[in-house]
2 protein chains.
Amino acid sequence: MRLLKSAARYICMSRPVIGERPMTRSSRRITSEDVARAAGVSRTTVSFVLNDRPGQSIPMETRQRVLEAARNLGYRPHASARTLAAGRSDLVLLAIPDTRLGPATSRFVEELAAALAEHGLTLITHLAGAPLPDVCATVNASAVVGLSPFDAETADALRRAGAEVVLPLPDPRGGVDEAMEQVGRLQAGHLIDRGHRRLGYAMPVHRGLRAMADARLAGVTAACATGGIDPPVVAELGLAVADASRAVTRWRAAEVTAVCAYNDETAIAVLAGAHDQGLAVPADLAVIGVDDIPTAKLVTPALSTIRFDVHEAGRRRAEAVVAALAGQEPVSSPDIGGPSVVPRDST
Amino acid sequence: MRLLKSAARYICMSRPVIGERPMTRSSRRITSEDVARAAGVSRTTVSFVLNDRPGQSIPMETRQRVLEAARNLGYRPHASARTLAAGRSDLVLLAIPDTRLGPATSRFVEELAAALAEHGLTLITHLAGAPLPDVCATVNASAVVGLSPFDAETADALRRAGAEVVLPLPDPRGGVDEAMEQVGRLQAGHLIDRGHRRLGYAMPVHRGLRAMADARLAGVTAACATGGIDPPVVAELGLAVADASRAVTRWRAAEVTAVCAYNDETAIAVLAGAHDQGLAVPADLAVIGVDDIPTAKLVTPALSTIRFDVHEAGRRRAEAVVAALAGQEPVSSPDIGGPSVVPRDST
DNA sequence: CCTTGCTGCTAACACGCGTTACCAACGCGC
DNA sequence: GCGCGTTGGTAACGCGTGTTAGCAGCAAGG
């Protein structure tokens, strides 16, 4: 029987199929049948033991025999077969937007992956290339997680592609991301506390960042309203000295004394612009960024910024995913956790 | 028959299985059988048409009918089933090491993903969390790609986990990465060209970067030998002003006039250290980094650096993967393509 | 007439696993 | 003896697909 099978495979192999390679080493995969044979039980029993199926009465002695056989043989269940049979995969897909991802993101990913792993889930990240729903379908992800809320259309496409859980869900209130707004509020609040009465906002030109930038700007605007001052003077700039210099000129003309930047890179561009215009930071113009990238404390003057508690954030997001997979459907989008101001020399 | 099947599923659904959610919307997946029924042919024919199987004579009319049915129904083949049946997946796993990934990496990923997609392969990236071989087994990746060569042990584990292709392979010559060495040579060559006769090397403390840093340092050392000067004075530093300041003191004591930094972030730290010591760059100390991160041109003075041609590199790497999957086993590790010097104000 | 070959298609198996229905053995109460 | 529950397991089906062997139908050649 087994002989027949491998004969068939051999014939198959000998045909010049495109992309087919002769199986030189590790000729055959170790399946649960091998484990069963080695332990002297049936495949079903192996499955029961390895999956710790509750409600089954399997004596400790048999259990040990199976586990040992599996370990000795180096058995690893075939994920696709498992997915196919169970109708669900252990994969969580993290969609990272078309933006330059910084160290904050990277740490968030690590936390998320670790927290999901504790629940037997595997995190896969997707940066670019194939459209998200396609990738989702290809890997049979049971959950898709984004860094900021998906729009309704994308969320729907992902659902159709087989994802059971999509987080964060589009915000039904109108798409403003609460956590990002909070970041903007912290930036502006810090500057207002230091006595600034006229703020600027440094907006990135990159289109992919627009949604997040708008949310942060909304927070800045809100804080200005709360503090009783005018909304910020918005200027767009790319990561170039010339751009930044132009923006600084505009702000000076509007009597702006402090600038909230979309992120630390943009903030560093503003620093360069101020330097180009011969302005002193923070005396002539204060600047605050977001992210606390490693270079933030290395530039001159050291950059004030907003830091996220990514540890907490990753863990919370993971819990939300697990809860949603367990059936608690309407989990609200968990916020990026505890942003806080890191005051340095630029404000 | 079909009725029976869905009845059975209903019963299954009604049990309170852990993590099982009632199928509210999109009750059933669209399978190739649905397409077959809609087109009035057998499932086999559908498979032949959709996979464009050569050597089958299927009239254009039938072909069109099948394609149209598939399109109308929004059919998407179930990846796990496909993988299970074919014994091979369309997934390529990109392992990104435990290092802060910069924009250069991000662009490389985009290129790689696009190039692989042209061959019907899907790129998945893995940043951290579960051990790489486990992830590889979980997604049934048919190829695993790293940013720098794997060590022999890891490569072996990946093979055992089911990966058919692992790139770049461990270098049999002794583990020095040719491309990384080339980067170091360019850095040192540039400085020697400018007349410097005594170089320093800024080594990151982060352990995960050590292998790559050693390779780059080897390149610098080689260039020094070629130029007939002493090997570089190596100093370790973290991304903090105090660290960098100490390193700069050491270099000054050794009469170093120019420093090659592991990457741009480290280089910016060196700039901060020089500033802290009241030194002028490049007059007292020249500095060159690697990566050309966006902030490199924004700091004062603008940082000289090495830029990769990531477009070319991603494409070449993708071709190597495709070739290896097609059976050409001994593909040598393709180099990161065309690094070049970007001279700015810091040298 | 029979053979041969081609066209267009299908039945049936295999992939590796989770799951259900069922079974043998045993002990216990009647 | 019979019924019944528990323990410790197994045979068999289904998941959705790729692949192969094979089968009608038809035409051409002998």
*asked:* Going through A:ALA280, A:ALA269 one at a time, which residue ends up being surrounded by fewer than 24 Cβ atoms within 10 Å (Cβ to Cβ) and at pLDDT 95 or above?
replied: A:ALA280
*Only one of these conditions is not met by A:ASN72: (1) more than 16 Å from DNA strand D (Cβ to nearest atom); (2) among the polar types (S, T, N, Q); (3) at pLDDT below 85. Which number is it?*
(3)
*Of all the residues that make up region B:244-288, how many are free of Cβ contacts under 8 Å to residues at least 60 places away in the same chain and not aliphatic (A, V, I, L, M)?*
13
*asked:* Give me the residue from region B:42-80 that is small (Gly, Ala, Ser) and more than 9 Å from DNA strand C (Cβ to nearest atom) and, out of that set, surrounded by the most Cβ atoms within 10 Å (Cβ to Cβ).
replied: B:ALA79
*Among (1) part of a helix (DSSP H, G or I); (2) in contact with a strand residue (DSSP E or B) (Cβ under 7 Å, 6 or more places away or on another chain); (3) crowded, with 22+ Cβ neighbours inside 10 Å, the one test that A:MET180 misses*: (2)
*Residue, nearest to the chain's Cα centre (by Cα), within region B:116-135, restricted to residues that are more than 7 Å from chain A (Cβ to nearest Cβ) and over 16 Å from B:LEU325 (Cα atoms)*: B:LEU132
_Condition first: hydrophobic (A, V, I, L, M, F, W, C) and buried (at least 21 other Cβ atoms within 10 Å of the Cβ). Now tell me which residues in region B:187-211 satisfy that._
B:ALA188, B:LEU191, B:LEU199, B:ALA202, B:MET203
*Any chance A:ARG65 is at negative phi, touching a Gly at 6+ places or on another chain (Cβ under 8 Å) and among the charged types (D, E, K, R)*: yes
_Index of the failed condition, A:ALA39 passing every other in (1) touching a residue at least 12 places away in the same chain (Cβ under 8 Å); (2) under 28 Å from the mean Cα position of the chain (by Cα); (3) within 14 Å of DNA strand C (Cβ to nearest atom)_ = (2)
*Taking only region A:210-230 into account, find how many residues are farther than 14 Å from A:ILE288 by Cβ and in contact with a Phe, Trp or Tyr (Cβ under 7 Å, 6 or more places away or on another chain).*
1
*First in region B:46-57 and in contact (Cβ under 8 Å) with a residue 24 or more places away in the chain, second anywhere and of a type in the set (Ser, Thr, Tyr) and within 12 Å of DNA strand C (Cβ to nearest atom), Cβ under 6 Å, 6 or more apart*: B:VAL46/B:SER32
*Pick from region B:49-69, criterion more than 12 Å from DNA strand D (Cβ to nearest atom) and polar (S, T, N, Q), ranking: farthest from the chain's Cα centre (by Cα)*: B:THR62
*Can you tell which of B:SER89, B:SER80 is of a type in the set (Ser, Thr, Tyr), within 15 Å of DNA strand D (Cβ to nearest atom) and without any contact (Cβ under 8 Å) to a residue 24 or more places away in the chain?*
B:SER80
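A quick yes/no check of all residues on (1) part of a strand (DSSP E or B); (2) farther than 17 Å from B:LEU303 by Cβ:
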position: B:LEU191; (1), (2): no, no
position: B:ASP214; (1), (2): no, yes
position: B:LEU217; (1), (2): no, yes
position: B:CYS224; (1), (2): no, yes
position: B:ILE229; (1), (2): no, yes
position: B:VAL234; (1), (2): yes, yes
position: B:THR266; (1), (2): no, no
position: B:ALA269; (1), (2): no, no
position: B:ALA274; (1), (2): no, no
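Residues checked against (1) touching a Phe, Trp or Tyr at 6+ places or on another chain (Cβ under 7 Å); (2) more than 13 Å from B:THR122 (Cα to Cα); (3) among the small types (Gly, Ala, Ser); (4) modelled with pLDDT of 75 or more:
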| site | (1), (2), (3), (4) |
| --- | --- |
| A:THR125 | no, no, no, yes |
| A:VAL135 | no, no, no, yes |
| A:VAL145 | no, yes, no, yes |
| A:SER148 | no, yes, yes, no |
| A:ALA157 | no, yes, yes, yes |
| A:PRO168 | no, yes, no, no |
| A:ASP171 | no, yes, no, no |
| A:GLY174 | no, yes, yes, no |
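The values are calculated or read from the model by the stated rules, or taken from the named source; none is laboratory data. Here the structure is a predicted model, which is why all the values come from computation and not from measurement. FYI the Cβ positions are ideal-geometry reconstructions off the backbone, even for glycines, and counts take in every protein chain you see.
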